[in-house]
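K.L.:
Take this structure first; my questions come after.
The values are calculated or read from the model by the stated rules, or taken from the named source; none is laboratory data. All values reported here derive from a predicted model rather than from experimental measurement. Positions of Cβ are backbone-derived with ideal geometry, glycine not excepted, and every protein chain shown enters the neighbour counts.
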Amino acid sequence: MFFCYSMCYNICMSFANKFKKRFYFVVAKYFRHFADRALRRWKPRVIAITGSAGKTTMLHLLEHEMGKKAHYSHDANSAFGVSFDLLGLKGIKGSKLKWIYLLIAAPFRSLFYRHKEKFYVVEIDGERPHEAEFLAKWLKPEVTIWVSIGRSHAVQFEKEVEEGRFKDLDAAIAAEFATLPENTSKLVYIDADSATMKSATKNIEAKVVPIKKTEMKKYVVYPDSTDFTYGDTTFHFNHPEPKDIAFHLLVLQDLMKYLKLPFNPDFSEIKMAPGRSSYFKGKKGIEIIDSSYNAHLISVASILDMVKRMHADHKWLVIGDIVDQGSIEGDEHKKLAKLIAGVKPEKVVLVGRRTKKYTAPELKKLGVSAVATTDPKKALEYLEKNITGKETLIFKGSQYLEWIIEKLLANPKDAKKLCRRERAAVARRKSWGLDS
């Protein structure tokens, strides 16, 4: 029975994915046509957030400061998602049959629906070639915040390089993200230490504001708190945050001045998205840091740097695969080994085909022992057998690490705060034999 369910589920998903890939922008233009009516009726001041990693964190920081003055594109950063968001529709999280409803609903919603807030804070991904461009030329933001640049979704850009459009993956990815600054009217924030961002924005019409993260003078992180100090200002969080978000905080402070809005550096009550450095109490008294939402090398490096600086004893790393890397996945996972070794963790548990094949052997060369498995259930068994209650477990990566975290929580009700709670994600876990 389970085999039949798994096979049918995989066949359906494969067909849906192939259809989506082939006709992606054709259907996206259909929804954009109707969403544009709602956008023109609304006429908000648009603040766009783009980059390889850290977009959602920036969105939540802006929400903390701007509150009800803005509408935020939660869970909507694609060509489809933004259109649905502007029409007040929810995307596909369950049955694929919902596409029929969305195709019919969009024209009707476009006749009357509009948001009412003064600002639109929208997250824009560059998951595939021309996606950021598709949204940039349409939304034409007043402000763009380019938070990072790295090889996220690298597999999607391999064809661009193979066909000679770009010299390498880095150039292809950078060009895609750069379409946002190129179509921005007033202000663009970039990382002052990124030569790529500087080069991509040197001839644009908008004012470019380079932000130097090194201006943040003090950074102190514990499993359950973080403090950043900039001049006389202290930014406080009641959960761990990587040092890299110093960029986000300095952008935020400057942007609030530009918008003539008040700024509050106390983030103790902020609600961040699931799977982004969330803090939980675990069984036997262990402390859990959940960064299981995604895994690109740039985001893994940021979290591992945080762990290295963290004031905590008995640091254990549970690391999943870096996905969507295509032909470079071997190299990326070997680089991952060096980053892990630099943390000098007490224990390392690797979960996934790629980390087992590429990262574990490299760690061995570096003198770091690791438990490597492709099965989340075996990783959980190892953890349950070996934890004493004094450990801080840091989770980062794919391969259903959120399922392992769920089984280790001291309070089972905290499971609702984990990522991938939607029906489709539950179905994928079940296809792996992982029941909630």
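K.L.:
For the range 216-251, enumerate the residues that are within 26 Å of Lys281 (Cβ to Cβ) and among the small types (Gly, Ala, Ser).
P.N.:
Ser225
K.L.:
Would you confirm whether or not the range 248-268 contains a residue that is under 17 Å from Asp305 (Cα atoms) and either in contact (Cβ under 8 Å) with a residue 40 or more places away in the chain or not in a strand (DSSP E or B) (or both)? Can you show your working first?
P.N.:
Taking the range 248-268 first, the residues under 17 Å from Asp305 (Cα atoms) are 248.
If we keep only those that are either in contact (Cβ under 8 Å) with a residue 40 or more places away in the chain or not in a strand (DSSP E or B) (or both) too, we end up with 248.
Checked the range 248-268: at least one residue is under 17 Å from Asp305 (Cα atoms) and either in contact (Cβ under 8 Å) with a residue 40 or more places away in the chain or not in a strand (DSSP E or B) (or both).
K.L.:
Could you please find all residues in the range 182-226 being free of Cβ contacts under 8 Å to residues at least 24 places away in the same chain and in contact with a Ser or Thr (Cβ under 6 Å, 6 or more places away or on another chain)?
P.N.:
Of everything in the range 182-226, those that are free of Cβ contacts under 8 Å to residues at least 24 places away in the same chain and in contact with a Ser or Thr (Cβ under 6 Å, 6 or more places away or on another chain) turn out to be Lys217, Lys218.
K.L.:
What number of residues in the range 244-273 are within 24 Å of Ser299 (Cα to Cα), modelled with pLDDT of 95 or more and among the basic types (Lys, Arg)?
P.N.:
Number of matching residues: 0.
K.L.:
Has the range 118-134 got any residue that is surrounded by 22 or more Cβ atoms within 10 Å (Cβ to Cβ), outside the structural domain of Glu422 (by TED's automatic domain parsing) and free of Cβ contacts under 8 Å to residues at least 60 places away in the same chain? Break it down stepwise before answering.
P.N.:
Residues of the range 118-134 surrounded by 22 or more Cβ atoms within 10 Å (Cβ to Cβ): 120-126, 131-132.
Okay, now just the ones that are also outside the structural domain of Glu422 (by TED's automatic domain parsing), so 120-126, 131-132.
Those left that are additionally free of Cβ contacts under 8 Å to residues at least 60 places away in the same chain: 131.
So far as the range 118-134 goes, yes, one or more of its residues are surrounded by 22 or more Cβ atoms within 10 Å (Cβ to Cβ), outside the structural domain of Glu422 (by TED's automatic domain parsing) and free of Cβ contacts under 8 Å to residues at least 60 places away in the same chain.
K.L.:
For the range 113-165, what are the residues that are among the aliphatic types (A, V, I, L, M), part of a loop (DSSP other than H, G, I, E, B) and within 21 Å of Asp75 (Cβ to Cβ)? Please lay out each step first, then the result.
P.N.:
Filtering the range 113-165 for residues among the aliphatic types (A, V, I, L, M) gives 121-122, 124, 132, 135-136, 139, 143, 145, 147, 149, 154-155, 161.
Next, only the ones that are part of a loop (DSSP other than H, G, I, E, B) stay: 147, 149.
Passing the criteria: only Val147.
K.L.:
Let me ask another. Could you go through the range 188-200 and let me know if any residue there is touching a strand residue (DSSP E or B) at 6+ places or on another chain (Cβ under 8 Å), assigned by TED's automatic domain parsing to the domain that holds Leu250 and surrounded by fewer than 20 Cβ atoms within 10 Å (Cβ to Cβ).
P.N.:
yes
K.L.:
Here is a further query. Checking the condition in contact with a strand residue (DSSP E or B) (Cβ under 8 Å, 6 or more places away or on another chain) and either basic (Lys, Arg) or modelled with pLDDT of 95 or more (or both), which residue from Lys396, Lys365, Lys413 passes?
P.N.:
Working: Lys365 fails: in contact with a strand residue (DSSP E or B) (Cβ under 8 Å, 6 or more places away or on another chain); Lys413 fails: in contact with a strand residue (DSSP E or B) (Cβ under 8 Å, 6 or more places away or on another chain).
Every option except Lys396 fails the conditions.
K.L.:
Only one of Gly330, Gly326, Gly342, Gly352 is over 22 Å from the mean Cα position of the chain (by Cα) and among the small types (Gly, Ala, Ser); which? Steps first, answer last, please.
P.N.:
Details: Gly330 fails: over 22 Å from the mean Cα position of the chain (by Cα); Gly326 fails: over 22 Å from the mean Cα position of the chain (by Cα); Gly352 fails: over 22 Å from the mean Cα position of the chain (by Cα).
Unique residue meeting the criteria: Gly342.
K.L.:
Please give the number of the condition Leu86 fails out of (1) without any contact (Cβ under 8 Å) to a residue 12 or more places away in the chain; (2) under 21 Å from Thr50 (Cβ atoms).
P.N.:
It fails just one condition, (1).
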